[in-house]
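Shown next, in structure tokens, is the structure this report addresses.
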Amino acid sequence: MSSSSSSFSALTLVSFFLLLSTLSQAHDTVCIVGAGIGGASVAHFLREYSSPATPNLTIRMFERNVVVGGRMETVNVSGELFEAGASILHPKNYHAVNYTKLLNLTVNAPSSSDDDSDGFGIWDGEKFIFKTLSFKSKLPFVDRIVSLANSLLLFVRYGFSLVRMDRFVEATVNSFLKYYESSKTRPVFETVDEMLKWAGLYNLTTRTLAEELADAGLAPLLVQELVTVITRINYGQSVSMSGLAGAVSLAGSGGGLWSIKGGNWQMASGLVDRSNVALNLQEEIESVSSIGDHYELNSTMGNSYTCDVAVVATPLDELNVQFSPSVSIPKRVLQHTHATMVRGLLNPVYFGVNSVPELPDLIATLEDPNLPFTSISLLKQHARNDITYKIFSRQPLAEALLDSIFSARKETIRINWAAYPHYTAPEVFAPFILDGQHLYYVNAFENAASTMETSAVAAENVARLILSRYFSGVPVSLGILSSSSDGGGVHVDLRLFYCRLGPGASSAAATLLDPDAIESDTSDASPSFLLRLPQGVFVKKFVHNVLGFSHAHEPTAEILKSALSIVNMFFFAFLAKLTKGGTYNPLTVFSDAITGDFSHFLFTVAATVPAQVLGSVAGVRFIMGTFPGVGLGPRLTVDIHKGALTEGLLAYAIVTISLGLSRNITGSFFRKTWISSVSKLTLHILGSDLTGGCMNPASEMGWAYARGDHITKEHILVYWLAPIEATLLAVWTSRLLFPPKEDKKAKVE
């Protein structure tokens with residue numbers, strides 16, 4: 001009896017531990033239908049936001065295609081890969097920026113076609129009604145001049161409406177940035193409507209883009225031409241589309257656009273791999289049934305899967321997925337974009353020009369039903385008569401038509417994308433929660449705007465919904481507030497529009513002047529510390545914080561900053577006059593020292609320049625301590641050789657101008673300072689996007705020391721050696737062309 005009792009107790013104990021083990025290994029399963037950026041982002045945020053208290057979670061993903069990526073796809077044209085779907089990311093796509101860093105992906109350097117010097121034209125079916133200049137050069141300095149000339153052409157045609165368009169887009173982007181606020185203070189949204197209302201974007205979905213732009217004061221010509229061109233390229237639609245989608249489309253017409261080397265699909269692939277997902281490729285889900293406290297998913301392969309939570313992360317509009325019980329989704333039509341990749345050569349006669357070089361790299365069209373395509377963009381020029389193009393159209397292009405458009409075709413690839421919704425106002429949205437339980441729909445947000453980034457934003461909200469509703473927990477904060485983008489707000493898919501005004505925005509005034517690194521050769525005085533304070537910082541703080549101009553690129557603010565910069569230069573020119581030659585630019589003292597005796601040169605090298613550098617370092621440290629978050633000064637954005645050439649040319653130009661002023665204008669303080677100041681501002685604009693347009697080694701040394709890169713090869717070569725060599729060359733050239741006049745009195749004696 002005792003033995004039997006012991007055996008029973010032992011068996012009971014073993015059974016108890018087996019039960020505990022089974023319970024501890026119980027997993028909750030989330031099934032995700034669709035392995036595009038939306039589905040991959042849901043999996044990513046579920047893993048990232050799950051707290052240690054969250055039960056074990058199994059994520060299973062279903063993709064009907066052979067690869068992940070959804071509408072992010074590359075196409076092979078004659079052995080070279082090109083983006084065929086979602087192509088371009090915006091600098092403020094902060095989720096995409098973070099994905100890129102997290103997955104160690106490589107960002108494509110801006111292509112040559114991402115430059116204003118490449119050319120853009122609007123074709124009406126017979127002729128080009130507008131064309132920018134097209135000039136290809138390996139010299140960044142020349143490209144900047146062409147870019148500024150194109151900005152002027154756009155401004156002459158469209159006027160200050162460009163500025164109003166920029167302000168409209170900027171206001172929309174700033175509202176969208178609210179979705180990157182900390183999850184500790186940002187609500188979890190159950191409907192798209194409340195998500196849009198919280199960010200102040202909902203009203204844009206109730207009216208057309210044309211109505212919004214009319215209220216914003218845009219001229220009809222700009223709306224009919226440039227705005228229409230952008231919306232046709234980005235969404236295949238006219239300005240009759242809803243206002244928010246239209247604003248997102250316009251946001252993609254600026255600079256700083258980027259992509260992933262090897263294809264944007266790698267973001268989805270990397271997130272899936274990193275999120276420990278059980279991936280079922282080439283398996284399409286045909287039905288989703290709610291059965292008690294779980295869901296049953298059945299695939300076209302005859303398999304059945306049980307899930308606690310089901311997430312649909314693919315558009316349902318053209319899929320035949322059966323839901324039981326049925327769900328209610330507003331009917332919407334998808335806008336199909338036909339992408340035709342052609343390797344060959346365009347026929348100039350078709351476009352009414354005499355030769356292929358006369359054709360711009362981006363040919364855009366107006367809203368006319370008789371025009372067969374939306375745009376033609378040059379992807380890569382392999383040889384003089386061998387080019388790869390991408391054509392966007394609303395309908396497939398017939399072979400006969402392609403034979404008319406092209407004089408030669410080596411390869412043609414066609415892709416039909418169900419790319420995005422056909423936007424109408426007012427928009428009606430499907431709910432994020434389809435059944436009131438745990439069936440979620442990421443693509444409900446697409447009726448607001450359809451981009452890679454908006455899919456990620458919607459996916460992040462859905463992940464938080466799942467964690468807060470199913471697990472009754474509050475998700476942790478990932479800390480995805482604005483990143484300093486290396487390549488990464490709002491982005492536009494399926495686009496190749498490169499109309500940038502000025503150094504990289506959609507208005508010439510938007511990037512008119514950033515005088516942080518602007519100093520005048522004639523505006524220096526001691527003490528060195530006072531002179532080395534970054535005066536541009538004070539100018540900007542005064543305009544934005546004191547005068548209350550909140551928009552960084554508001555035209556009035558830019559005009560005020562420009563005027564104050566000129567006043568600032570006059571003030572320090574006056575101090576230089578009082579101190580009889582005080583200076584804080586080494587280039588100035590070098591040019592003076594070279595023309596003087598050897599002892600003066602030694603004093604310059606051993607005392608003056610070090611004092612300027614120390615003053616610069618102290619000034620930058622002071623300004624960064626006084627104004628936290630002010631930035632880290634000008635940066636090199638091109639390779640070291642182009643950077644050295646740029647700073648060298650700028651330094652040569654300003655030293656030559658200064659020597660000319662000293663030689664030809666000896667009596668007029670005002671004229672001399674005015675010409676010097678305006679020249680410096682102009683040269684700064686030309687170099688601002690490449691090196692910062694410093695033209696002052698000591699100034700850049702202060703910022704470089706703060707960043708910790710003051711002893712790097714790039715800094716020494718670009719900001720010291722190149723400007724100094726250019727200064728020597730400018731002095732010697734000046735002395736050769738204009739030798740000093742001999743003192744007649746001394747000659748007689």
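The values are calculated or read from the model by the stated rules, or taken from the named source; none is laboratory data. Bear in mind that the values here come from a model prediction, so they are computed numbers and not experimental data. Positions of Cβ are backbone-derived with ideal geometry, glycine not excepted, and every protein chain shown enters the neighbour counts. Areas reflect the complete protein model, heavy atoms only, side chains present, ligands, DNA and RNA absent. Shrake-Rupley method; radii C 1.70, N 1.55, O 1.52, S 1.80 Å.
Observations
- Selected residue (criterion: modelled with the lowest pLDDT) from residues of region 29-53 that are among the polar types (S, T, N, Q) and open to solvent by less than 30 Å² (accessible area, probe 1.4 Å): THR29
- Enumeration of residues in region 385-413 that are in contact with a strand residue (DSSP E or B) (Cβ under 9 Å, 6 or more places away or on another chain) and exposed (fewer than 14 other Cβ atoms within 10 Å of the Cβ): ASN385, GLN395, PRO396, GLU399, ASP403, GLU411
- Output for region 421-454, where each listed residue is hydroxyl-bearing (Ser, Thr, Tyr) and either in contact with an Asp or Glu (Cβ under 7 Å, 6 or more places away or on another chain) or open to solvent by 20 Å² or more (accessible area, probe 1.4 Å) (or both): THR424, SER450, THR451
- For ASP193, the criteria (1) modelled with pLDDT of 95 or more; (2) in contact with a Leu (Cβ under 8 Å, 6 or more places away or on another chain) hold in every case but one, which is (2).
- Residue check, SER377 part of a helix (DSSP H, G or I) and either touching a helix residue (DSSP H, G or I) at 6+ places or on another chain (Cβ under 8 Å) or of a type outside the set (Asp, Glu) (or both): no
- Some residue of region 246-267 being over 30 Å from ASP689 (Cα atoms), in contact with a Pro (Cβ under 9 Å, 6 or more places away or on another chain) and open to solvent by 10 Å² or more (accessible area, probe 1.4 Å): no
- Members of region 565-593 found to be at pLDDT below 65 and either in contact with a Lys or Arg (Cβ under 9 Å, 6 or more places away or on another chain) or of a type in the set (Asp, Glu) (or both), listed by number: TYR584, ASP592
- Here SER161, SER182 are screened, and the one residue that is within 21 Å of GLU212 (Cα to Cα) and of a type outside the set (Asp, Glu) is SER161.
- Taking first residues from region 368-391 that are over 17 Å from SER78 (Cα atoms) and partners that are assigned to a strand (DSSP E or B) and open to solvent by 50 Å² or more (accessible area, probe 1.4 Å), no Cβ contact under 6 Å between residues at least 6 apart in sequence or on separate chains turns up.
- Region 124-180, residues that are part of a helix (DSSP H, G or I), at pLDDT below 85 and open to solvent by 60 Å² or more (accessible area, probe 1.4 Å): ILE145, LEU152
- Residue within region 94-101 that is at pLDDT below 85 and not aromatic (Phe, Trp, Tyr) present: no
- Failed item in (1) of a type outside the set (Gly, Ala, Ser); (2) in contact with a helix residue (DSSP H, G or I) (Cβ under 7 Å, 6 or more places away or on another chain); (3) more than 30 Å from LEU401 (Cβ to Cβ), with ASN280 passing the rest: (2)
- Residue count for region 277-301 under the criterion of being open to solvent by less than 50 Å² (accessible area, probe 1.4 Å) and either in a loop (DSSP other than H, G, I, E, B) or over 12 Å from LEU439 (Cα atoms) (or both): the result is 8.
- Restricting attention to region 387-401, the residues that are under 17 Å from THR337 (Cα atoms) and not basic (Lys, Arg) add up to 8.
- Output for region 319-352, where each listed residue is crowded, with 16+ Cβ neighbours inside 10 Å and charged (D, E, K, R): ARG332, ARG343
- Residue match in region 332-343 (condition: under 30 Å from ASP435 (Cα atoms), in a loop (DSSP other than H, G, I, E, B) and in contact with a strand residue (DSSP E or B) (Cβ under 9 Å, 6 or more places away or on another chain)): yes
- Region 55-69, residues that are open to solvent by 30 Å² or more (accessible area, probe 1.4 Å) and either outside any loop (DSSP other than H, G, I, E, B) or in contact with a Gly (Cβ under 8 Å, 6 or more places away or on another chain) (or both): THR58, ARG60
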